[in-house]
Amino acid sequence: MRSLFPNAWVVARREYGVRVKNRTFAILTIGLMLVGLGLAFAPLLFRVLGGDEPTRIGVVLQATDPPANAISFLDQSLNGTGGTTATGGGYALETITDAASARQQVTDGTLDGALAIGRNASGELSFDYFADASSTNRSVLAIQSAVSSLVVSDRLTARGVTDLQRVFAPASFALEPLHPDQQDRSPEELVSGYLLGIVLVVVTFMAIIMYGNWVAVGVAEEKSSRVMELLITAATPRQLLFGKVLGNGAAGLTQYLSIVVAAVVGLVAQGPLSQALLNEPAGTTDFAGLTAPVLITFGVFFVTGFILYCTLYAGLGAMASRQEDVQQIVMPMTVVGMVGYFASFAAAQSPDAAWAKLLSFIPFFSPYLMPLRVVNGSVGLPELALAVALMLVFIWLAIIVAARIYAAGVLLYGQRPGFRTVLAATFGSSARAR
Amino acid sequence: MTALDEASFTVEPGRIFGLLGANGAGKTTCMRIVLDILESDGGSVTWEGMRNSELPRRTWGYLPEERGLYTRMRVMEVLRFFAALYGVPEARATAEVEEWLERFHVPDYRDRKIEELSKGNQQKIQFIAAILHDPDVLIMDEPFSGLDPVNVQLLKEAFLEMRDRGKTLIFSTHQMETVEELCEAIAILDRGKVVVSGAVRDVKRAMGRQVVRLATDGDGRGTEWLTQIPGVTITQDREDYVELTVPSGSDPEAILRAALARDERVTRFEIGDPSLEEIFIEYVGRRDLEEERHLAAGSGAPTEDPS
């Protein structure tokens, strides 16, 4: 057996050059960079579009002797002691004397709700909230809980308690999350994480199907243009195959890194931007699931999955005599890729399901499912290591098998071999991978 | 299917060797086996005492019959790529390419895309691709097909240049005149078998006869008298001359003497060996005939009396 290098390197360099100079490649890269940038801005976008303006509530004091501090009490229990916060959105309270006009303003949309405070016959405070909302609405629940405190405060005052500040001092409460890495995730961030997972899957699928086909078509093209005959005189099938996969893999990595750079730029720009748009202090934004473990996992599985698929695509491409036959011949690989793709959409809904876990270890599917699981849940390091190890073993096997198919296929001109011919050529006596 | 069956021949280093055969005779298969890109079921290929599978790839330069280059790459890029596969440093490859483009009168092609070149010019580029790594043996499948006369001449000169550098050239062709002009030795392949091989002179001598071309001024007097001379047969009765064959033992000058004795005005008298074309047709044609008879006998069909 002759050594892989430097010829594999020479082939890889040519493949890389041809690939990155390709216009389709450039357009796709720019498109995906924009997607990456958009994704990085998702949380900010949610906040800008998601109406983080304070909920405006008109308070009508109808009671004959309302608690003197009713407004400030409600404000404090709704917004906390610190007033309007960066994440809360907050509530803006204003006093309105006329109940009818308050209701009219809610109807007009200038107010989000009208809260009428009165006293019933037994002397208890009573509340009437008029708003375009259901009883489970977040703001309704918050107001309900705030007025409950106000009622308690009113009752305590009636019983002569004076140090209300102490009574209502916040309790000492600490949250100990089961999955510490998932704490502090707002619903927006969870949605963004789900979207991120889907985007990673789509990117992987597109790259595998597209580059895989490119590699296969490239091999078939070399065969039909008869460059192949010169190539195999100059280099061994293994050198050619490995060079091809290496060159195309490097092109894929270039694309991936461009996307990552775009996403990182988006994340870095997010702080100053959110300051400008929302008047929030810089540095309070989260990275919306695009964390280092996610990036590394995605990178590793993107590259290894790419190499695994491309190796087999290249081997199959050598079986085609004409470019028109390539699609048919690579169909089995495309089907396997599609299965992983669709499985990962189902898995995005339930990333911790047993079947999703199982599939994420099967090398043809782990490029899709592992990054998804990492985004949406916690995957232990041993699990990742096992999946990567399986990937590497399969890549090694794929190179051996593909080199044999390649060696047998490159000089089989004329007929379009069936599956049986492929097998016979690959494992028969006439095949050899030098 | 058996493309080659016990084909055996020897090529002397430093010579130009012609591999002749009809279409489908097994020339390309033979070359691929020599290059170790096809594996033979048996037999061996050795060069200077080493088996071909042990020889470094740079021993061989190959010009396949089906031409093919990366059509969307530029001439210099393509040639550097193939040179790099053989381990030729880029600077040397560049210099060599420029020298050869100059020699082929196309120095401005270096930055053109392959697809912009005509077939003949692509062929020149392909020839350069085959020799950039300075191979000891150059194997070319139909190198002259599709070339115009000017380019045929350029390529012939390149062949001689390579031979003068001590290279061995093996090529296949249908053009017997080119073989006569360039080759010192040949092998004729027919249906996978080598029917004859060796130095051109020896192959011709082995035919056991000489050829005489005779032209006389006396038109219309017929050629009958020639057949009266012992051992002489007319192989071609052309308008411009008559071609005769004489067994090697007899003296061809007897024909000249006979002509002069008849007061013929002799305008051309030429003694030579049979042409390769004749030899080719004789070997390949004769086998064709035998094959047909064999088939006919095998199928039980009535055979014609061979007399």
When you look at B:Ala187, is it small (Gly, Ala, Ser), at pLDDT 90 or above and surrounded by 15 or more Cβ atoms within 10 Å (Cβ to Cβ), yes or no? no
Filter the range B:205-221 for residues that are at pLDDT below 85 and of a type in the set (D, E, K, R) and give the result. B:Arg205, B:Arg209, B:Asp217, B:Asp219, B:Arg221
Give B:Leu182, B:Leu260 a once-over and let me know the one that is at pLDDT 80 or above, open to solvent by 50 Å² or more (accessible area, probe 1.4 Å) and aliphatic (A, V, I, L, M). B:Leu260
Could you grab me the full set of residues in the range A:102-125 that are of a type outside the set (Val, Ile, Thr) and within 47 Å of the chain's Cα centre (by Cα)? A:Ala102, A:Arg103, A:Gln104, A:Gln105, A:Asp108, A:Gly109, A:Leu111, A:Asp112, A:Gly113, A:Ala114, A:Leu115, A:Ala116
Quick check on this structure: which one of B:Ala91, B:Ala95 is farther than 24 Å from B:Val150 by Cβ, open to solvent by 70 Å² or more (accessible area, probe 1.4 Å), more than 14 Å from chain A (Cβ to nearest Cβ) and among the aliphatic types (A, V, I, L, M)? B:Ala91
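Okay, residues lined up against (1) over 11 Å from A:Ala216 (Cα atoms); (2) assigned to a helix (DSSP H, G or I); (3) of a type in the set (S, T, N, Q); (4) open to solvent by less than 30 Å² (accessible area, probe 1.4 Å):
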{"residue": "A:Ile307", "(1), (2), (3), (4)": "yes, yes, no, no"}
{"residue": "A:Ala314", "(1), (2), (3), (4)": "no, yes, no, yes"}
{"residue": "A:Gly337", "(1), (2), (3), (4)": "yes, yes, no, yes"}
{"residue": "A:Ser344", "(1), (2), (3), (4)": "yes, yes, yes, yes"}
Out of the range B:66-86, which residues are within 31 Å of the chain's Cα centre (by Cα) and modelled with pLDDT under 90? B:Glu66, B:Arg67, B:Gly68, B:Leu69, B:Tyr70, B:Thr71
Against the conditions (1) closer than 14 Å to A:Leu61 by Cα; (2) open to solvent by less than 60 Å² (accessible area, probe 1.4 Å), where does A:Asn120 fall short? Just the number, please. (2)
Scanning for something among the hydrophobic types (A, V, I, L, M, F, W, C), modelled with pLDDT under 80 and surrounded by 14 or more Cβ atoms within 10 Å (Cβ to Cβ), does the range A:89-98 turn up at least one residue? no
Based on this model, can you work out whether A:Gly212 counts as modelled with pLDDT of 85 or more, open to solvent by less than 10 Å² (accessible area, probe 1.4 Å) and of a type in the set (Gly, Ala, Ser)? yes
Filter the range B:104-139 for residues that are within 14 Å of another protein chain (Cβ to nearest Cβ) and among the polar types (S, T, N, Q); the one that is most open to solvent (accessible area, probe 1.4 Å) is B:Gln122
Given the residues B:Ser197, B:Ser172, B:Ser145, which is the only one that is in contact with a Leu (Cβ under 6 Å, 6 or more places away or on another chain) and polar (S, T, N, Q)? B:Ser172
For the structure I just gave you, tell me whether B:Leu85 is closer than 14 Å to B:Ala129 by Cβ, in contact (Cβ under 8 Å) with a residue 12 or more places away in the chain and surrounded by 15 or more Cβ atoms within 10 Å (Cβ to Cβ). no
Of the conditions (1) touching a Pro at 6+ places or on another chain (Cβ under 7 Å); (2) within 13 Å of chain A (Cβ to nearest Cβ); (3) assigned to a helix (DSSP H, G or I), the single one that B:Leu101 does not satisfy is (2)
Take the residues in the range B:59-74 that are in a loop (DSSP other than H, G, I, E, B), facing another protein chain (nearest Cβ under 7 Å) and over 23 Å from B:Pro107 (Cα atoms), then tell me which one is most open to solvent (accessible area, probe 1.4 Å). B:Glu66
Looking only at the range A:57-74, count how many residues are open to solvent by 60 Å² or more (accessible area, probe 1.4 Å) and either modelled with pLDDT of 85 or more or not in a strand (DSSP E or B) (or both). 6
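The values are calculated or read from the model by the stated rules, or taken from the named source; none is laboratory data. Predicted model, so just to flag it, every value in this text is computed and none were measured. FYI the Cβ positions are ideal-geometry reconstructions off the backbone, even for glycines, and counts take in every protein chain you see. Quick note on the areas: whole protein, heavy atoms, side chains included, nothing else; ligands and nucleic acids left out. Shrake-Rupley method; radii C 1.70, N 1.55, O 1.52, S 1.80 Å.
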